[in-house]
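Below is one structure, written out as structure tokens, with a few remarks after it.
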Amino acid sequence: MWSVALGVVFTIVAWVTKEVPTIVRDAPWAEDPYDAFVSFALFFVPLVTVLAAARLPLCRRDQPLPGERVAGLVRAARLIVILIAATLAAEWVSVVAGPGRASWTTTMTILIATLAGFTALTAGIALMVWRIPGADGVAASAARRDGSPPIVVAARPDPSSADWLADLRLVADLVASRLGPAATTLHRVIGSVDATIGAAVRRHPLGAAAVTSIAFGVALALAAAREEGPGPVMGLFLGVGSAGMFAFLAIAGSYLRVVARTKPLTTWTHRLADSAAAGCLAVPLALAFRDGAWGLIGVDAVTAGIADLSGLVVASGIATFVAVLSIETALRTHRV
């Protein structure tokens, strides 16, 4: 619950410091590469926070508590803290590497004081979260100290009955049951959605992540077009946004175990998935650290244009994909 609260507060503060013009002007982290960390955190942190918050109502004191639900919430809490800590670290680097003290303004001083306070709060919650036994070790607790029903550790016949999608359906049913006459209809709709979309996601989680990521990239491109007008920048926003979101969904989804796959990945599918996630992760990183990478494509920051930037991020993604695939093949990883 503390981690969820931290995610909510972080999202609000980060949005204000990024979107309010008078604050953005003096924020040390307003430029890349630091701004890239804040920008993506504004999407990733709320996503995990909402996912965790949706599962919390199912942890009821008067009912047995599935061990996998507890372990999943611990992993989510840790991921929230990791994402926020990484963003705060980038902001601290911008403070140290940014303009000298002589150029500080009152707004900048307030921002840095807020950053210090938020860092202390995050560190305190991190200590709370990491004092809990390992995410899988949580499920080994046979009983709770207050005498309420125990944590259930027995494996379920159907692993998908314990994943996040199953719990989201339970939450939706719980909400629907309180809506009076509409409850019956809503239960049927929820069941139909779970039987079609939920089943499709469990069969093809990477495909579902790809579709979601492309939709996210399209939304970013349309937002850029609305602000700056149609142009080549739309393609850049589409590509970078889609790649960044796919990398996050693939890596975070695997860590959180959001979906219980109906069948395991084959050796080559697993290697290709790892390589695709790594290649997509390289795309926003190349955008963020472009000033130090222009020489790789024979241009500099003064002469580079949108086409050069697009070429840089695409080349970075492809090179990383090939490198990871080659390394995993040479090491013979994920052998079935």
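The values are calculated or read from the model by the stated rules, or taken from the named source; none is laboratory data. Since the model is a prediction, treat every value here as computed from it, not as a measurement. Here the Cβ is made from the backbone with ideal geometry for all residues, glycine too, and neighbour counts use every protein chain on show.
Annotations for the structure displayed:
- Residue within the range 16-26 that is surrounded by 21 or more Cβ atoms within 10 Å (Cβ to Cβ), assigned by TED's automatic domain parsing to the domain that holds A120, β-branched (V, I, T) and at pLDDT below 95 present: no
- Note on the range 237-294: residues that are over 27 Å from E227 (Cα atoms), of a type in the set (A, V, I, L, M, F, W, C) and touching a Phe, Trp or Tyr at 6+ places or on another chain (Cβ under 6 Å) total 1.
- Among the residues of the range 238-273, those that are β-branched (V, I, T) and free of Cβ contacts under 8 Å to residues at least 40 places away in the same chain comprise I251, T269.
To keep it simple, each residue is scored yes or no on (1) out of contact with any His (no Cβ under 6 Å at 6 or more places or on another chain); (2) in a helix (DSSP H, G or I); (3) more than 15 Å from A30 (Cα to Cα); (4) free of Cβ contacts under 8 Å to residues at least 24 places away in the same chain.
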{"residue": "A54", "(1), (2), (3), (4)": "yes, yes, yes, no"}
{"residue": "R69", "(1), (2), (3), (4)": "yes, yes, yes, no"}
{"residue": "L73", "(1), (2), (3), (4)": "yes, yes, yes, yes"}
{"residue": "L111", "(1), (2), (3), (4)": "yes, yes, no, no"}
{"residue": "A120", "(1), (2), (3), (4)": "yes, yes, yes, yes"}
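- Of the residues A162, A199, A208, A113, the single one that is under 24 Å from the mean Cα position of the chain (by Cα) and at pLDDT 90 or above is A208.
- Failed item in (1) surrounded by 15 or more Cβ atoms within 10 Å (Cβ to Cβ); (2) out of contact with any helix residue (DSSP H, G or I) (no Cβ under 9 Å at 6 or more places or on another chain), with G98 passing the rest: (2)
- Counted residues, the range 274-292 - those being out of contact with any Leu (no Cβ under 6 Å at 6 or more places or on another chain) and either over 21 Å from A323 (Cα atoms) or hydrophobic (A, V, I, L, M, F, W, C) (or both): 12
- Each residue in the range 292-323 was checked for being in a helix (DSSP H, G or I) and closer than 23 Å to M234 by Cβ, and 15 of them qualify.
Residue-by-condition table, conditions (1) in the same structural domain as V50 (by TED's automatic domain parsing); (2) farther than 22 Å from A288 by Cβ; (3) surrounded by fewer than 19 Cβ atoms within 10 Å (Cβ to Cβ); (4) more than 17 Å from the chain's Cα centre (by Cα):
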| position | (1), (2), (3), (4) |
| --- | --- |
| D173 | no, yes, yes, yes |
| A183 | no, yes, yes, yes |
| V233 | no, no, yes, yes |
| A250 | no, no, no, no |
